[in-house]
1. Name the residues in segment 1-10 that are open to solvent by 90 Å² or more (accessible area, probe 1.4 Å) and in a loop (DSSP other than H, G, I, E, B), would you?
2. Confirm whether residue 17 is touching an Asp or Glu at 6+ places or on another chain (Cβ under 6 Å), in a helix (DSSP H, G or I) and at pLDDT 95 or above.
3. Check 46, 40 and return the single one that is assigned to a helix (DSSP H, G or I) and either touching a His at 6+ places or on another chain (Cβ under 9 Å) or open to solvent by 70 Å² or more (accessible area, probe 1.4 Å) (or both).
4. Select from segment 11-37 the residues that are open to solvent by less than 40 Å² (accessible area, probe 1.4 Å) and farther than 21 Å from residue 57 by Cα and list them in ascending order.
5. Report the residue count in segment 20-37 for those that are in a loop (DSSP other than H, G, I, E, B) and touching a Ser or Thr at 6+ places or on another chain (Cβ under 7 Å).
6. I'm told residue 58 meets every condition in (1) at pLDDT 95 or above; (2) loosely packed, with under 12 Cβ neighbours inside 10 Å except one. Can you identify the failing condition by its number?
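The values are calculated or read from the model by the stated rules, or taken from the named source; none is laboratory data. Given the structure is predicted, the values throughout are model-derived calculations rather than measurements. Glycine also receives a Cβ, built like all others from the backbone with ideal geometry; neighbour counts cover every protein chain displayed. Protein only, heavy atoms only, side chains kept; ligands, DNA and RNA dropped before computing areas. Shrake-Rupley method; radii C 1.70, N 1.55, O 1.52, S 1.80 Å.
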Amino acid sequence: MYICICHGVTDKKIVQTIENGATSMRELSKELGVGTQCGKCTNCTKKILNEKLIDIVDITDQVA
């Protein structure tokens, strides 16, 4: 699903960028451009970021 229409960024691209090491909105904005045009995508992007970071922490806790 497209999250940022202004820059053509999908939810899958956001997840991929987080999996590649992005951990903040600033990093996502810098790499993908999300939230830098009209800003309507920021809430959805933050939700994806938070959910993905929680998943990463949960997986790390299970491994450790």
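1. At the first step, the residues of segment 1-10 found to be open to solvent by 90 Å² or more (accessible area, probe 1.4 Å) are 1-2, 5.
If the condition is that a residue be open to solvent by 90 Å² or more (accessible area, probe 1.4 Å) and in a loop (DSSP other than H, G, I, E, B), then 1, 5 are the ones that fit.
2. Details: touching an Asp or Glu at 6+ places or on another chain (Cβ under 6 Å): yes; in a helix (DSSP H, G or I): yes; at pLDDT 95 or above: yes.
The answer is yes for residue 17.
3. Numbers: 40 fails: assigned to a helix (DSSP H, G or I).
None of the others qualify; the one that does is 46.
4. 29, 32, 33, 34, 35 - these are the residues of segment 11-37 that are open to solvent by less than 40 Å² (accessible area, probe 1.4 Å) and farther than 21 Å from residue 57 by Cα.
5. Filtering segment 20-37 down to residues in a loop (DSSP other than H, G, I, E, B) leaves 20-24, 33-37.
Subsequent filtering for residues that are touching a Ser or Thr at 6+ places or on another chain (Cβ under 7 Å) retains 34-36.
So the answer is 3.
6. With (1) at pLDDT 95 or above; (2) loosely packed, with under 12 Cβ neighbours inside 10 Å applied to residue 58, the lone miss is (1).
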